[in-house]
Amino acid sequence: MTTPANGYAAQSADAKLAPFSFERRDPQPTDVAIDIRFCGVCHSDLHTARGEWPGTLYPCVPGHEIVGTVTAVGSDVTKFAVGDTVGVGCMVDSCGECPSCHEGEEQYCTGGGFVGTYNGPDPVLGGHTFGGYSDHIVVDQDFVLAIRHDEGDLAAVAPLLCAGITTYSPLKHWDVGPGQKVGIVGLGGLGHMGVKIAAAMGAEVYVFSTSPNKRDDALRLGAKDLIVSKDADAMAEHAASFDFILNTVAASHDLDQFLGLLKRDGTMTLVGVPETPHPSPSVGNLVFGRRSLAGSLIGGIAETQEMLDFCHTHGLTADIETIRMDEIETGYDRMAKSDVKYRFVIDMESLKPA
């Protein structure tokens, strides 16, 4: 059985997002039905909807930063109840059998890969999944997250489901904490959360940016200073001094200028995926210092819950601008120009008929 749903979809790579009606499954025994209240706008949404990444399935209903209210639960659900405030992030299923899934690292599922909240294979209805640019969603309880932030913070919590966990996971994995000097490359949707989280973990945080006018914001978010990456002298002052660098930039750029800033045994982790490959870094920068260049995806469900609880404890949310659903194309255009501080969030009340 299915229930009608309403959302916004792109019908092709060159089509604007527009109203779209489709079907959601009725809750299965372990499912949670969620009335979507807010959905963050991720750069991945734009890349996918506009066909800038390969493999988009149309019609495409983006959205994987979802906060909402439970409206119904299946007969076997034990983790949630009607009325709970919950979140859904980037995945809604995985094989559950591979080593990664058994270890709570579903994002690295090797049994076919995790099922994306949108543009993934729908394991129940067939076809592909539709995301959070819609009025409601049905998700297995094992991929639903508890939200403990106050009511007034819920819109700003939504981006934590992607931007928050994408930055928290590598910071946690590489043991960022007090006494460490940490760099965040880029001060955008991901970078601004990286600064907040690394500072809350107790690290001394520096932002690398090509824009010196972002210094005040960097300090406000918790950084000790901003280093202008185009200033060779400023960069040289910090040579071989960083324990860890989180690189959030999704455009191809020179990695060597940052690798040389790492201490012996330091690591730079990439979380941005450029449309064209980065120039290959110098092997010398790695071997003379035993430095590491790594990558990181989102986090598993358990770690995402840990991140949400950490952010609640430390009073962290994203810096957002709320938009209406029918303003999404303007939002995409502005996001492509980096004209947002630092994340758009759709108020899904705007999707309902007047």
Select from region 55-66 the residues that are open to solvent by less than 10 Å² (accessible area, probe 1.4 Å) and more than 20 Å from Ala302 (Cβ to Cβ) and list them in ascending order.
-> Cys60, Val61, Pro62, Gly63
Residue ID - nearest to Leu145 (Cα to Cα), chosen from residues in region 156-179 that are assigned to a helix (DSSP H, G or I), touching a strand residue (DSSP E or B) at 6+ places or on another chain (Cβ under 9 Å) and open to solvent by 10 Å² or more (accessible area, probe 1.4 Å) = Ala156
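Condition check ((1) modelled with pLDDT of 95 or more; (2) under 19 Å from the mean Cα position of the chain (by Cα)) across all residues:
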{"residue": "Met1", "(1), (2)": "no, no"}
{"residue": "Ala18", "(1), (2)": "yes, no"}
{"residue": "Arg25", "(1), (2)": "yes, no"}
{"residue": "Arg37", "(1), (2)": "yes, yes"}
{"residue": "Leu57", "(1), (2)": "yes, no"}
{"residue": "Cys60", "(1), (2)": "yes, yes"}
{"residue": "Gly74", "(1), (2)": "yes, no"}
{"residue": "Ala81", "(1), (2)": "yes, no"}
{"residue": "Val86", "(1), (2)": "yes, yes"}
Evaluation of Val205 against (1) surrounded by fewer than 18 Cβ atoms within 10 Å (Cβ to Cβ); (2) free of Cβ contacts under 8 Å to residues at least 40 places away in the same chain (one fails), failing number | (1)
Test: Val228 is under 21 Å from the mean Cα position of the chain (by Cα) and closer than 25 Å to Val273 by Cβ | no
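Does Thr69 fit the bill of being polar (S, T, N, Q), in a strand (DSSP E or B), touching a residue at least 24 places away in the same chain (Cβ under 8 Å) and crowded, with 16+ Cβ neighbours inside 10 Å?
Yes, satisfied.
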Of all residues in region 328-354 being hydrophobic (A, V, I, L, M, F, W, C), in contact (Cβ under 8 Å) with a residue 40 or more places away in the chain and over 24 Å from Gly194 (Cα atoms), which is most open to solvent (accessible area, probe 1.4 Å)?
-> Leu351
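Say whether the condition of being open to solvent by 10 Å² or more (accessible area, probe 1.4 Å), part of a strand (DSSP E or B) and under 18 Å from Ala158 (Cβ atoms) is met by at least one residue in region 11-27. It would help to see each step written out before you state the result.
Start the filter on region 11-27 by keeping residues that are open to solvent by 10 Å² or more (accessible area, probe 1.4 Å), which leaves 11-27.
Checking the rest, the ones that are also part of a strand (DSSP E or B) come to 18-25.
Next, only the ones that are under 18 Å from Ala158 (Cβ atoms) stay: none.
So far as region 11-27 goes, no, none of its residues is open to solvent by 10 Å² or more (accessible area, probe 1.4 Å), part of a strand (DSSP E or B) and under 18 Å from Ala158 (Cβ atoms).
Working only within region 269-312, note down all residues that are more than 30 Å from Gly96 (Cβ to Cβ), in contact (Cβ under 8 Å) with a residue 40 or more places away in the chain and out of contact with any strand residue (DSSP E or B) (no Cβ under 7 Å at 6 or more places or on another chain). Walk me through it before giving the result.
Just the residues of region 269-312 that are more than 30 Å from Gly96 (Cβ to Cβ), to begin with: 274-293.
Still in the running and in contact (Cβ under 8 Å) with a residue 40 or more places away in the chain: 275, 289.
Within region 269-312, just Glu275 meets the criteria.
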List every residue pair whose Cβ atoms sit under 7 Å apart, with the two residues 6 or more apart in sequence or on different chains, where the first one lies in region 125-152 and is assigned to a strand (DSSP E or B) and the second, anywhere, is of a type in the set (Ser, Thr, Tyr) and open to solvent by less than 30 Å² (accessible area, probe 1.4 Å).
-> Leu145/Thr304
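The values are calculated or read from the model by the stated rules, or taken from the named source; none is laboratory data. Nothing here was measured: the structure is a model prediction, and the numbers come from that model. Here Cβ is always computed from backbone atoms with ideal geometry, including for glycine, and neighbour counts include all displayed protein chains. Keep in mind that these areas ignore ligands, DNA and RNA; they rest on the heavy atoms of the full protein, side chains included. Shrake-Rupley method; radii C 1.70, N 1.55, O 1.52, S 1.80 Å.
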